[in-house]
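Working notes, beginning with the structure itself.
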Amino acid sequence: MRRKLVAGNWKMHGSLQANHALLTQLRAAQEGLAACDVAVFVPAPYLAQAQNLLQGSAIAWGAQNVSKHAAGAYTGEIAVNMLCDFACKYVLIGHSERRAIYGETDFVAAAKFAAAVGKGLIPVLCVGETLQEREAGVTDAVIARQIDAVLELTGYSAFHQAVVAYEPVWAIGTGKTATPEQAQAVHAAIRQRLSLHDGALASQLQIVYGGSVKAANAAELFAMPDIDGGLVGGASLVAEEFLAICRAACS
Ligand code: PEP
């Protein structure tokens, strides 16, 4: 039986004061969340704050990006070891905003995934098609390409310590959510692709859905057999909304 994971992607939002209020409210509600995994992806400058406010709780924290390099002359980059210094559990890899705005290729995402796994950090690999790709009928091919780039670099066994997030680009931050059936079809295809390598691994892998998840649609998405929770952007910035999504996953 897979546990569900609900993770908040704060993107480039927050301040010491606002984060304090949000994290304190999440921590206060953690007892009702024991049946599922909960995490927040905070902007890197706030990792120490997240660690201070969440350590000892059931809520994990992580970063939204990481370098593929271990150390060196890479101004502005953040290494896996640095995230480990702040006890991060997870790191987002290949979010569509990194792919679209910062030109991250499948190969860069794969290298970052490998760097994270190498140090015991759990990568949350984001995959998903654009609207144009969906309308062209190439959704499965796009997602297969994104997953295969990682498989080729790391081998399938690296997915034992990983999460996949299916995030249709057309649903992120747009208010348009994939229907539960649309999302389920892609999640099943991802699981099927990994089961070609290792059936047990595929059946244990957490595959979460992201794209305008909110309290009002979380339960119907999470009821689908291959949807193991959500990666939540905008709605993760409002404590009561995020907690309602977590409760939908925990019930
Ligand atoms: C995201 O940032 O990964 C995301 C899914 O955003 P939103 O929930 O706002 O669509």
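The values are calculated or read from the model by the stated rules, or taken from the named source; none is laboratory data. Here the structure is a predicted model, which means the values were calculated and not measured. In this analysis, Cβ positions are derived from the backbone assuming ideal geometry, glycine residues included, and neighbour counts consider all displayed protein chains. Each accessible area value is taken on the protein alone, full model and side chains, heavy atoms only, with ligands, DNA and RNA left out. Shrake-Rupley method; radii C 1.70, N 1.55, O 1.52, S 1.80 Å.
Overview of values
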quantity	calculated
Qualifying residues in the stretch 189-202 (those that are among the small types (Gly, Ala, Ser) and farther than 19 Å from Val124 by Cβ) - the one nearest to the ligand (Cβ to nearest atom)	Ser195
Number of positions in the stretch 216-238 that are open to solvent by 40 Å² or more (accessible area, probe 1.4 Å) and within 15 Å of the ligand (Cβ to nearest atom)	4
Qualifying positions in the stretch 166-183 - farther than 16 Å from Ala141 by Cα and either away from the ligand (no atom under 16 Å from the Cβ) or of a type in the set (Gly, Ala, Ser) (or both)	Ala171, Gly173, Gly175, Ala178, Glu181
Phe41 open to solvent by less than 40 Å² (accessible area, probe 1.4 Å), in contact (Cβ under 8 Å) with a residue 40 or more places away in the chain and either over 18 Å from the mean Cα position of the chain (by Cα) or on the phi < 0 side of the Ramachandran plot (or both)	yes
Subset of the stretch 120-148 (residues that are of a type in the set (S, T, N, Q) and either part of a helix (DSSP H, G or I) or surrounded by 21 or more Cβ atoms within 10 Å (Cβ to Cβ) (or both))	Gln132, Thr139, Gln146
Residues satisfying the stated conditions in the stretch 1-20, i.e. more than 11 Å from the ligand (Cβ to nearest atom) and surrounded by 12 or more Cβ atoms within 10 Å (Cβ to Cβ)	Arg2, Arg3, Lys4, Leu5, Val6, Gly14, Ala18, Asn19, His20
Output for the stretch 204-214, where each listed residue is open to solvent by 30 Å² or more (accessible area, probe 1.4 Å) and within 12 Å of the ligand (Cβ to nearest atom)	Lys214
Pair list, Cβ under 8 Å, 6 or more apart: the stretch 79-104 residue more than 15 Å from Ile122 (Cβ to Cβ), other residue more than 12 Å from the ligand (Cβ to nearest atom) and open to solvent by 50 Å² or more (accessible area, probe 1.4 Å)	Ala79/His69; Ala79/Ala70; Ala79/Ala71; Asn81/Ala70; Asn81/Ala71; Asn81/Lys119; Arg99/Thr105
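The rows are residues; the columns are (1) closer than 19 Å to Ala110 by Cβ; (2) among the aliphatic types (A, V, I, L, M).
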position	(1), (2)
Thr154	yes, no
Gly175	no, no
Ala178	no, yes
Ala218	no, yes
Gly230	no, no
Gly234	no, no
